[in-house]
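Have a look at the structure below, then the notes.
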Amino acid sequence: MATGTTRNKVALAPGHSLMDWIRLGNSGNDLTGVGGKILSVSKSELAKHNKRTDAWLAIRGTVYNVTQYMDFHPGGVDELVRGIGTDATKLFSEIHAWVNYESILQKCVVGRLVNEELFKLPDILKAATDVSENELNMDWFQQLGFLCFVFYTKTPYPEVSITLKQPNQFCFALNGKTRCITLHKNVNWPCVVKIVADIGKVQVKLIKKVLGLWPTFGTLTTTRNIQIDYWKCELLNSFDVTPNAKFLLFKYQQNLYNHVYPGRHIYIKANVNGQVVSRPYTPVWPLVETTEYGIISEDTLCLLVKSYPNGKLSRHLCSLNQGDLIEVSRPQGSFECWTSKTNLILLAAGTGITPMLPIIWNALHSSIKKYNITLLYFNKKETCIIWKKYLDQKSAAYSSRLTVHYILSEEENSMGDTKGHIDESVITKYFPTLNEESLNEHAVCVCGPPGFNKLCEK
């Protein structure tokens, strides 16, 4: 989070690494200095906190107490001091606006900067100390080609649904409350959504149809909430992954984005031979960038489906043709895996790999923690392994952080891992030795057929 004009780093004292900072943030200490309340901070109030021992600064409308972060700052104390007591947005953006400062300083949030000049917001959008359900904490900013809306829900893992009803009508539902903005001019679809789940910050980027700066974003209205349980999706394409599993690419019929957090799921509903059938599925995408499946955008829904002989819906999904429709529910579940863990042990069997893939991807690309992941993937034969080449590519790219073991039950294992099923010997061989201290740093995730799950728990 350097605010100077160079990216020179300084040698940090022992005990002041990024991991040490994360541990401090998870320790329960109040890093905000205000008891965790969300305050409205004027520029004059911000200016009072301009000392090494009492240091606040603002970035893009959010005020942070960086007093305890000083000694952890890679650019050194002096560089950070340049921004304290002020709106440091410009200083920060000049050096490395790409840094995920929201995550690094998420435990230091004091509140919102009350400053109409920053984003020229109307009164209805100003942050308040006590926000009623009818008010909204929101910022917006723009460049010639795009504009971004930033919403502060104050709710960890907020429910997020985005719709572009018309080229100039942008609607968003946050935690079940829907609002619409009649934009100043038209924008394109799809949007780009970035969420800092732990602090409930949602950023939506919209691409302008015509380059130019807007005098205002448009007009905000609150709409009557209409509960929609399912949306229609059209099959764009399907690809064989294994002899009995397919990768299916769907697209919502309307301009819609529903955010699905890692480990959570949706329900798929279809009419199968006159009977309505519904089952939960986890949206998933390849672990590596690939053109094998075409363009996967924000509004594309991706599923991995294994066709089971007695599976009504799975056989139906695997038999769909391009243009066929299904119905998809809003995201479901409350799974939160790595809020305080740094080591993930994943046990998956067959298509139980599907919820593990988003967990792996998000853990490896986290900007606030360095996770170590061990995946034990159980299958009958090597040909049954879903996306083995992607798992191998990812583990090669992150060899010190991602270890994958393939365990087969019906043939000898050419990869050097154990042949067999989940049992105590497998646990003993592949699990790390845990003591009382290291136990708190590990999380174990299990997904597979019911019998497999019970054996894992046992």
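The number of residues in segment 303-342 being open to solvent by less than 70 Å² (accessible area, probe 1.4 Å), part of a helix (DSSP H, G or I) and within 13 Å of Lys269 (Cβ to Cβ) comes to 3. With respect to (1) under 19 Å from the mean Cα position of the chain (by Cα); (2) part of a strand (DSSP E or B); (3) at pLDDT below 90, the lone exception for Leu346 is condition (3). State yes or no: is Leu357 over 26 Å from the mean Cα position of the chain (by Cα) and part of a helix (DSSP H, G or I)? Here the answer is no, as Leu357 does not meet what is asked. For Asn453, state whether it is in contact with a strand residue (DSSP E or B) (Cβ under 9 Å, 6 or more places away or on another chain) and either farther than 16 Å from Ile385 by Cα or free of Cβ contacts under 8 Å to residues at least 40 places away in the same chain (or both). Taking the combined requirement at face value, the residue satisfies it. The criterion of at least 1 residues that are modelled with pLDDT of 85 or more and closer than 15 Å to Thr342 by Cα is met by none of the helices (runs of 4 or more DSSP H) falling completely within segment 366-458.
Inspect segment 171-184 for any residue being more than 29 Å from Leu325 (Cβ to Cβ), part of a strand (DSSP E or B), in contact with a Cys (Cβ under 8 Å, 6 or more places away or on another chain) and open to solvent by 60 Å² or more (accessible area, probe 1.4 Å) and give the result as yes or no. Checked segment 171-184: no residue is more than 29 Å from Leu325 (Cβ to Cβ), part of a strand (DSSP E or B), in contact with a Cys (Cβ under 8 Å, 6 or more places away or on another chain) and open to solvent by 60 Å² or more (accessible area, probe 1.4 Å).
Scanning segment 355-365 for residues that are surrounded by fewer than 22 Cβ atoms within 10 Å (Cβ to Cβ) and either free of Cβ contacts under 8 Å to residues at least 40 places away in the same chain or touching a strand residue (DSSP E or B) at 6+ places or on another chain (Cβ under 8 Å) (or both) returns Leu364, His365.
Out of Tyr390, Tyr377, Tyr406, Tyr430, report the one residue that is among the aromatic types (Phe, Trp, Tyr) and over 16 Å from Ala349 (Cα atoms).
Working: Tyr377 fails: over 16 Å from Ala349 (Cα atoms); Tyr406 fails: over 16 Å from Ala349 (Cα atoms); Tyr430 fails: over 16 Å from Ala349 (Cα atoms).
Exactly one of Tyr390, Tyr377, Tyr406, Tyr430 is among the aromatic types (Phe, Trp, Tyr) and over 16 Å from Ala349 (Cα atoms), namely Tyr390.
If Asn435 passes every condition in (1) open to solvent by less than 30 Å² (accessible area, probe 1.4 Å); (2) under 22 Å from Arg23 (Cα atoms) but one, which one does it miss? Result: Asn435 fails condition (1) only. Restricting attention to segment 389-403, does a residue exist that is farther than 26 Å from Lys246 by Cβ and either touching a strand residue (DSSP E or B) at 6+ places or on another chain (Cβ under 6 Å) or buried (at least 19 other Cβ atoms within 10 Å of the Cβ) (or both)? Yes; the residues of segment 389-403 include at least one that is farther than 26 Å from Lys246 by Cβ and either touching a strand residue (DSSP E or B) at 6+ places or on another chain (Cβ under 6 Å) or buried (at least 19 other Cβ atoms within 10 Å of the Cβ) (or both).
Count of segment 1-18 residues, restricted to those that are loosely packed, with under 13 Cβ neighbours inside 10 Å and modelled with pLDDT of 85 or more, is 2.
The values are calculated or read from the model by the stated rules, or taken from the named source; none is laboratory data. Everything quoted here is computed from the prediction, not taken from an experiment. All Cβ positions, glycine included, derive from the backbone under ideal geometry; neighbour counts span all protein chains shown. Ligands, DNA and RNA are stripped out before the accessible areas are found, and what is left, the full protein with its side chains, is counted by its heavy atoms. Shrake-Rupley method; radii C 1.70, N 1.55, O 1.52, S 1.80 Å.
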